[in-house]
1. Could you tell me how many of the residues in the range 26-65 are β-branched (Val, Ile, Thr), out of contact with any Pro (no Cβ under 6 Å at 6 or more places or on another chain) and part of a strand (DSSP E or B)?
2. For residue 69, indicate whether it is out of contact with any strand residue (DSSP E or B) (no Cβ under 8 Å at 6 or more places or on another chain), without any contact (Cβ under 8 Å) to a residue 24 or more places away in the chain and in a helix (DSSP H, G or I).
3. Pick from the range 98-110 the residues that are touching a Lys or Arg at 6+ places or on another chain (Cβ under 8 Å) and not in a strand (DSSP E or B): which of them is surrounded by the most Cβ atoms within 10 Å (Cβ to Cβ)?
4. Being exposed (fewer than 12 other Cβ atoms within 10 Å of the Cβ) and farther than 20 Å from residue 89 by Cβ is the filter here, so list the residues in the range 16-31 that pass it.
5. If residue 93 satisfies all but one of (1) farther than 29 Å from residue 45 by Cα; (2) of a type in the set (Asp, Glu); (3) surrounded by 15 or more Cβ atoms within 10 Å (Cβ to Cβ), what's the number of the condition it fails?
6. Exactly one condition in (1) open to solvent by 40 Å² or more (accessible area, probe 1.4 Å); (2) in contact with a Gly (Cβ under 7 Å, 6 or more places away or on another chain) is false for residue 65; which is it?
7. If residue 95 meets every condition in (1) at pLDDT 85 or above; (2) assigned to a helix (DSSP H, G or I) apart from one, which number is that one?
8. Going through 165, 113 one at a time, which residue ends up being modelled with pLDDT under 85, farther than 27 Å from residue 82 by Cα and either part of a strand (DSSP E or B) or open to solvent by less than 80 Å² (accessible area, probe 1.4 Å) (or both)?
Amino acid sequence: MTDLILVARIGAPHGVRGEVRLTAFGDDPAALVGYGPLAGRDGRTVRIAGLKTVGERLIARLKGVADRTAAEALTGLDLYVARDRLPPTEDDDTFYHADLVGLAAETVSGEALGTIVSVPNYGAGDLLEIAPPRGATLLVPFTKAVVPTIDLAGRRVVVDPPPGLLDPPKPGEQQAELEAARAAGAPEPDGAP
């Protein structure tokens, strides 16, 4: 399944008539209806027959899904569309996440940082998650100020980090963060001392 873009994820059923909660990954959830059949990695396909919002939730009616039991069987299914069925981006500052994942990241001085592995958003804006050759991943704000150059043809981005972003942790800093997380009841990270 190459050249497929994740566009939505089916959530829990909504009601008893086969509707499902849907998480859309894009600026225009209504566009999902026009993409035609959407494919799951497991080979299942679904077609969205209609969308509505209930409160802040997006609810989808799927063709061929008529009851809660059928809707429950689709819970958690990621839905993909072929890249060539998506519209072009609107401007030079808009990107599909799939176009960014896999790009090399380097500093303005040319120092290699690693490879972009995801583009998460935890509520305060998009981030680039960069995996260095060794060690933990690095999160950088995906803003024009911090990432001034995105060269899709050259398969790279240039990062101009704010002061301190790339500095290694000070001695004891990681241990203090781990102890604070333990005190708050957070789960243990892998390899924690």
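1. 5
2. yes
3. So in the range 98-110, the residues touching a Lys or Arg at 6+ places or on another chain (Cβ under 8 Å) come out as 98, 102-106.
Now drop any that are not not in a strand (DSSP E or B), which leaves 98, 102-103.
Details: 98: 15, 102: 10, 103: 19.
The extreme case among them is 103.
4. If the condition is that a residue be exposed (fewer than 12 other Cβ atoms within 10 Å of the Cβ) and farther than 20 Å from residue 89 by Cβ, then 16 is the only one that fits.
5. (3)
6. It is condition (1) that residue 65 fails.
7. (2)
8. On the way: 113 fails: modelled with pLDDT under 85.
The match here is 165.
The values are calculated or read from the model by the stated rules, or taken from the named source; none is laboratory data. The model shown is predicted, which means the values in this text are computed figures rather than measured ones. In this analysis, Cβ positions are derived from the backbone assuming ideal geometry, glycine residues included, and neighbour counts consider all displayed protein chains. Please note that ligands, DNA and RNA were not included when accessible areas were found on the heavy atoms of the full protein model with its side chains. Shrake-Rupley method; radii C 1.70, N 1.55, O 1.52, S 1.80 Å.
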